[in-house]
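What follows is a single structure, written as structure tokens, with notes after it.
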Amino acid sequence: MEIPAKYDPSGIEDKWYSYWLGKKYFKSVPDEREPYTIVIPPPNVTGVLHMGHMLNNTIQDVLVRRARMLGKNACWLPGTDHASIATEAKVVAKLKEQGIEKASLTREEFLEHAWEWKEKHGGIILEQLKKLGASCDWDRTKFTMDESMYESVIEVFVDLYKKGLIYRGVRMVNWDPKALTALSDEEVIYKEVNSKLYYLRYKVEGSDDEWVTIATTRPETILGDTAVCFHPEDERFRHLRGKKVLVPLIKRSIPMIEDEYVDREFGTGCLKITPAHDINDYNIGLKHKLESIDIFNDNGTLNEKAQLYVGEDRFQVRKKIVEDLLNHGHILKIDDYVNNVGFSERTDEVIEPKLSVQWFLKMTEMAKPALEVVMNDTIHFHPEKFKNTYRHWMENVRDWCISRQLWWGQRIPAYYLPDGDFVVAKSANDALEQARAISGNPLLQLTDLKQDEDVLDTWFSSWLWPISVFDGIRNPENADIKYYYPTNDLITAPEILFFWVARMIMAGQEYRHDIPFKNVYLTGIVRDKLGRKMSKSLGNSPDPIELIGKFGADGVRVGMLLTSPAGNDLPFDESLCEQGRNFSNKVWNALRLVKGWQVDPTLEQPAYAAISVKWFGARLDEALAQIDENYVKYRLSEALMTAYKLVWDDFCSWYLEMVKPAYQQPIDPKTLDSTIGYFEKLMQVLHPFMPFITEEIWHLLNERGEDVSIMISPMPEAGMVDTSVLEAFQQASEVIIGVRNIRKEKNIAFKDTVEMKVKRTDSFDVSGFDPVITKLGNISTIEYVDEKPSAAAGFMVKSAEFYIPLGEGVDLEAEREKLMKELEYARGFLDSVMKKLGNERFVSSAKPEVVDIERKKRADAESKIQLLEEQLAGLK
């Protein structure tokens, strides 16, 4: 078969992915084998593949493909998340382009548009994952709004409500004025912002010239003030006890109150209290029974309760009210001020604290067992450093606001009676039955009940993901959930450690009385060369599909993994993918070399080939053990790098050069069989990282049957490592490099044979590799001598001395000058080492192994000096 000169991944990748799908190699059903399960972190249904997805899913595919080759029943379950806020925003924007306002539609009409949008755009990211080579069981693909998934969420809500863990109440929530919904605390991102601190004067009621000054970063909220507070031990304000002050501009009379919450050192020592628009003020308001005046509409504009600037945006009002306060003499001064401001994770809108009726899930008790299983390593975090972050979150957990003021999502199963009471039920019919019972009115009809308008937080569906994808909520004893749960590995990002990971652990404990996964591998953030996080807004994120088109999927996968240790950020550069592509080309060229050899069945295996085959077998066993250890420790970058060096350095650069026949000469069958056998094993080792090229080469190395694939072949196992042959080769390779260096320095062409004389010691013996040294050094004879020869260039390996006699035509004066420079450098180096060893303070205080290293340097330098001096003497 003619093997193309260049590796072209495009056609090969499509060919093999279609083959794998056709043969259903990704499909998994419960059987007698050990299961290996990963559930994909479901990307937003609105999304397209970005570099973070590439890294995350490459890691998952590596682990899944390896598990298959280890004989496990590997199941990688894919799916997407309905992403309430993001998807609804996209649908609303699409409708606006068509001249349709959401407010003009019924809920049912809007949802029709949302489903239509989902069907059109929702599968894009999963199709893109196929280009990456993701070996998911696509028949199991789930969507968080699928009927079974939806029902699971509703069932859990009803169950937790019955257990008293879900409640409805008025609370201060994080309000997103752009998405028009409440957010949980975890969905708020705090950023340092350059603000202004305004010092405002409130006139004391009944006084002509007495004022109270407060400091605020939000002057527009004074319109909702209902008190001014000072610390009870602050003597500056004791005379104001029982008095009232007037809110600037609107002259509302509000009381002066005392509370130990006030920080006497901050600002002026007096604090404006706006219970409707600050969580701390809200708590003080509850304690002192203050009125709460909500001055904002849901979209961040001011309402009638503000009295001024009605209908205007909050940030425009800030500019206007500052001007008006200045004009009326209410601003004492304005300082520059840096403070933390909360932004919506989804829309990047400044969050508005808002009093609202919402649904909450009590978290304190659920958090305790979820913390314990991580801290006692029932669940292992990789890297472990994230355990402390996790513990901090779990020990400071707050009730979870689970309601969202949206239409796209699982609708809260609460049904309101005409009198305002409500019931919680799985269905409308169940709700009607309950409503008739609690009201005592058997004549109630479905039309008398009104279901809650809100939907559940998207995370309230994804926290069930490892259970609900196997239908473990609705059918807790089904074959799938009993076989695949708990899953093995979760690969995700640290930023959703609490959002998702912690909550899945809680759900697992609550509904399976078991952990949801055994290991959590936390990836880093993909950053550009400047260290910036890759994002659309910065324009610094390459299109992963374009990268695959340019470098091949295998090249991109290798590029992503070469520098991405768990938990550490990935400094991405396209040159990494180029390195991956170059590696593909290196392996391809090795294939062309090996397949280009002609075999002569009558040939015996030469000595150089026999020792080379033995050495590479030992090196392969050594590398396999190292790779396995790296996998066990979730050091995937190190596992790849070990495999990379094994192939590039040991196999291509050394082994193939050691065994390849002379130009246009045949190879013996024994060596060729061993070489192809090693090549096949290397492809199996590389397959999890580079699935496409390894499958192609595996089929080209040997004739394969129709129903055979590298992805279901057994992963090679490490055997006992022959360390003696490895040590001997290490020394032999240094000898070969030494010979090559002398040829280069003396301009001795490789086609010209040279003699080599060896003055060895008892501790040095590479005679088993003499045939290899002879072949790779083009040496005519190797002679072992007791004395150094004259007029020879030499080098040392360990304690042995090697000499290449210099023939006629060598410039002895130039050689002498070169040796003198080397001798001068060696003496200088020895002098610096001797000074260090002569320093009693260093010898007594340094670690013994450090001192030993210096002593070895001294011994090596002394041997080197002796050799150079002898070489110089030989040139006379």
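The values are calculated or read from the model by the stated rules, or taken from the named source; none is laboratory data. Everything quoted here is computed from the prediction, not taken from an experiment. So basically every Cβ, Gly included, is an ideal-geometry build from the backbone, and we count neighbours across all protein chains shown. For the accessible areas, the whole protein counts, side chains as well, though only heavy atoms, and no ligand, DNA or RNA atoms are used. Shrake-Rupley method; radii C 1.70, N 1.55, O 1.52, S 1.80 Å.
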What whole-number distance in Å separates the alpha-carbon centres of region 112-135 and region 233-260?
59 Å
Region 398-513: relative contact order from alpha carbon pairs under 8 Å, six or more residues apart, as a whole percent, is 26 percent
Taking only the alpha-carbon positions of region 733-821 as identical scatterers, the Debye log10 I(q)/I(0) at q = 0.10, 0.18, 0.21 Å⁻¹ comes out as -0.23, -0.77, -1.05
DSSP beta bridge pairing in the chain, given as percent antiparallel to the nearest 5:
70 percent
Extension gain from residue 27 to residue 707, taking 0.36 nm per residue of separation minus the Cα-Cα distance:
243.3 nm
About the Cα centre of the chain, how large is the charge dipole given +1 on each Lys and Arg Cβ and -1 on each Asp and Glu Cβ? Please answer in debye to the nearest 20.
940 debye
Accessible area expressed per residue, region 169-310, with surrounding protein chains retained (probe 1.4 Å, Å²)
46 Å²
Mind checking which lysines have their Cα closer than 19 Å to the Cα of residue 529? Skip sequence neighbours fewer than 8 apart in that chain.
none
Of the DSSP H helices in the chain, the ones reaching 24 Å or more along their long axis in Cα terms and averaging at least -1.0 in Kyte-Doolittle hydropathy are 51-69, 574-595, 607-632, 669-686, 723-745, 812-837, 848-874
Using only the Cα atoms of region 567-606, what do you get for the radius of gyration and for Dmax, in Å?
18.5, 56
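Using alpha-carbon pairs under 8 Å, 6+ residues apart, how would you state the relative contact order of region 559-697 in percent?
Working: 118 pairs, mean separation 46.3, N = 139.
Relative contact order for region 559-697 comes out at 33 percent.
Please compute the Kirkwood hydrodynamic radius over region 354-393, one decimal place, Å, based on all pairs of different Cα atoms.
Values: mean 1/r = 0.0837 Å⁻¹.
Every distinct Cα pair counted, the radius reaches 11.9 Å.
Would you tally the net charge around residue 9, using a Cβ to Cβ cut-off of less than 12 Å, leaving residue 9 out, and scoring K and R as +1, D and E as -1?
On the way: positive: 6, 15, 131, 550, 557, 581; negative: 8, 13, 14, 554, 695, 696.
Taking every other residue near residue 9 into account, the sum is 0.
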Region 329-403 versus region 600-616: alpha-carbon centroid distance in Å
66 Å
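Would you mind giving the three semi-axes, in whole Å and largest first, of the ellipsoid equivalent to region 1-135 according to its Cα gyration tensor?
On the way: eigenvalues 275, 80, 32 Å².
Ellipsoid half-lengths, sorted descending, are 37, 20, 13 Å.
When the Kirkwood radius is taken over all Cα pairs of region 301-407, what Stokes-Einstein diffusion coefficient follows at 37 °C and 0.692 mPa s, in µm²/s? Can you show the working numbers first?
Numbers: Rh = 18.8 Å.
Translational D for this selection: 175 µm²/s.
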Quantify how much of the Cα-Cα distance distribution of the chain extends past 39 Å, in percent.
58 percent
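Sort 759, 670 from largest to smallest accessible area, using a 1.4 Å probe on the heavy atoms of the protein chains. Display every interim value, and only then the final one.
Numbers: 759 55, 670 130 Å².
Highest to lowest solvent-accessible surface, that is 670, 759.
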Per-residue HN-Hα couplings for region 516-531 [Karplus 6.51, -1.76, 1.60; θ = phi - 60°; Hz; x = Gly/Pro]
x, 7, 9, 9, 10, 9, 9, 7, x, 8, 7, 10, 8, 4, 8, x
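For a quick check of your reading of the filter: which chymotrypsin sites (Phe, Trp or Tyr not before Pro) in region 223-268 sit in a DSSP loop and have no more than 11 other Cβ atoms within 10 Å? Working shown, then result.
Numbers: sites: 230, 237, 261, 266; in loops: 261, 266.
Those satisfying the criteria are 266.
Under the definition of Cα pairs under 8 Å and six or more residues apart, what whole-number percent is the relative contact order of the chain? Walk me through the numbers before you get to the answer.
On the way: 1463 pairs, mean separation 107.0, N = 876.
Value for the chain: 12 percent.
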To check my understanding: the extent here is largest minus smallest coordinate of the Cα atoms along each principal axis. What are those three numbers for region 121-173, in Å, largest first?
48, 26, 17
Can you find, among 610, 845, 443, the residue farthest towards the positive end of the dipole of the chain? Put +1 on the C-beta of Lys and Arg, -1 on that of Asp and Glu.
845
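Would you kindly calculate the translational diffusion coefficient of region 557-709, applying Stokes-Einstein with the Kirkwood radius from alpha carbon pairs, for 37 °C and a viscosity of 0.692 mPa s, and quote it in µm² s⁻¹ without decimals? Could the numbers behind the result be given before it?
On the way: Rh = 16.6 Å.
Here the translational diffusion coefficient equals 198 µm²/s.
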Determine the dipole magnitude for region 417-530: charges of +1 sit on the beta-carbon of Lys and Arg, -1 on that of Asp and Glu, nothing else is charged, the reference point is the Cα centre, and the result goes in debye to the nearest 20.
500 debye
Placed amide H near residue 268: partners under 5 Å, 5+ positions off or other chain
215
Evaluate 2.2 N^0.38 Å with N set to the residue count of region 38-89, then give the Cα radius of gyration divided by it.
1.37
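Per the 1.4 Å probe, what fraction of the accessible area of the chain, in percent, lies on carbon and sulfur atoms? Mind dumping the intermediate values first?
Working: 19730 of 40130 Å².
Reported share for carbon and sulfur atoms: 49 percent.
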Charge dipole magnitude, Cβ of K and R +1, D and E -1 - region 329-469, Cα centre, debye nearest 20
220 debye
Which shape class, rounded, prolate or oblate, goes with region 163-207 when its Cα gyration tensor gives a ≥ b ≥ c as root eigenvalues, a/c under 1.5 marks rounded, and past that a/b bigger than b/c marks prolate?
oblate
With θ taken as phi - 60° and the coefficients 6.51, -1.76 and 1.60, list the Karplus ³J(HN,Hα) couplings across region 397-410 in order, rounded to whole Hz; mark glycine and proline as x.
5, 10, 4, 8, 6, 9, 9, 9, 8, 9, 10, 8, x, 7
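What percentage of all Cα-Cα pairs in region 662-739 are separated by more than 17 Å? Can you show the working numbers first?
Values: 1895 of 3003 pairs.
The calculated P(r) of region 662-739 puts 63 percent of pairs beyond 17 Å.
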Listed by chain and number, the lysines with an alpha carbon less than 24 angstrom from that of residue 320, same-chain partners under 8 positions apart left out, are 178, 196, 203, 251, 272, 305, 333, 354
When the Cα centres of region 738-797 and region 545-583 are compared, how far apart do they sit, in Å?
41 Å
Under 12 Å Cα to Cα from residue 289, which aspartates and glutamates show up? Leave out anything in the same chain fewer than 8 places away.
281
